[in-house]
Amino acid sequence: MTGDWLADGRAELATERILDAVRALFIDKGVSGVGMAEVADAAGCSRATLYRYFDNRQALYVAFAGREAGKVVERVWGDPALHAAADPGERLLDGLTALLAEVRKTPHLAVWFAPGNAGIVAQLSNSSDVVDTLATGFVSGFRPDLPAPAAQRLGQWVVRAMVSLLTLPGAGEDEERAMLRNFVLPFLLDRGTAIE
């Protein structure tokens with residue numbers, strides 16, 4: 001560990017550096033197998049420095065999940081090919097299945113949905129303010145008629161549906177598309193569907 005870890009005055013990069021270091025650890029050891037001492041070693045900082053940015057492992061998980069969720073959504077929804085379908089429902093369905101595929105093909109994200117990490121993911125899907133904010137914003141784009149609390153609840157439902165498909169995959173993309181079409185799209189697209 002170096003004593004001058006942040007000597008260059010760029011403390012604002014510390015969080016990113018730590019989260020970058022933990023990404024490699026998740027790939028190598030799985031999510032539940034990573035301890036705070038290992039994270040500090042991988043980031044090249046002291047444990048005291050690590051705890052200055054993250055109070056505990058849960059806070060580290062939440063920050064990592066929030067950052068990575070934002071990156072995945074940006075990559076997928078920013079792809080011009082995604083907007084090729086004329087029907088809004090098909091575009092949404094294409095986007096949701098592309099999100100699932102992107103998470104599955106990204107090693108540091110796919111590891112989160114391995115059977116041994118299901119409890120961690122379930123806990124995070126209920127606790128991450130960043131993921132909640134992303135999901136609420138996503139829902140508001142499709143359902144601007146919803147008041148903020150209803151959009152938040154619907155966003156939480158969408159996150160839970162996606163997490164369940166990642167944790168317990170269907171028999172293939174066709175089955176997952178059918179589940180999304182039947183159980184998620186009606187709430188995202190139907191302005192007549194009441195959500196309290």
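The values are calculated or read from the model by the stated rules, or taken from the named source; none is laboratory data. Predicted model only: the values in this text are computed from it and were never measured. Ideal geometry is used to build each Cβ from the backbone, glycine not excepted, and the neighbour counts take in all protein chains shown.
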- Scan the range 67-75 and give yes if some residue there is exposed (fewer than 15 other Cβ atoms within 10 Å of the Cβ), acidic (Asp, Glu) and either part of a helix (DSSP H, G or I) or in the same structural domain as residue 137 (by TED's automatic domain parsing) (or both), otherwise no. yes
- Message: Being of a type in the set (A, V, I, L, M) and either within 21 Å of residue 83 (Cα to Cα) or outside the structural domain of residue 181 (by TED's automatic domain parsing) (or both) is true for just one of 100, 109. Which residue is that?
- Response: 100
- Search result, residues across the range 52-66 that are within 21 Å of residue 123 (Cα to Cα) and either surrounded by fewer than 16 Cβ atoms within 10 Å (Cβ to Cβ) or under 14 Å from the mean Cα position of the chain (by Cα) (or both): 55, 56, 58, 59, 60, 61, 62, 63, 64, 65, 66
- Residues of the range 139-151 classified as farther than 13 Å from residue 189 by Cβ and either of a type in the set (Asp, Glu) or surrounded by 17 or more Cβ atoms within 10 Å (Cβ to Cβ) (or both), total: 3
- Message: Among the listed residues 87, 132, identify the single one that is modelled with pLDDT under 85, over 23 Å from residue 29 (Cβ atoms) and not assigned by TED's automatic domain parsing to the domain that holds residue 26.
- Response: 132
- If we keep just the residues of the range 152-168 that are in contact (Cβ under 8 Å) with a residue 12 or more places away in the chain and not hydrophobic (A, V, I, L, M, F, W, C), which is surrounded by the most Cβ atoms within 10 Å (Cβ to Cβ)? 155
- Note on the structure: Within the range 155-196, residues touching a Leu at 6+ places or on another chain (Cβ under 8 Å), modelled with pLDDT of 85 or more and in a loop (DSSP other than H, G, I, E, B) come out as 184
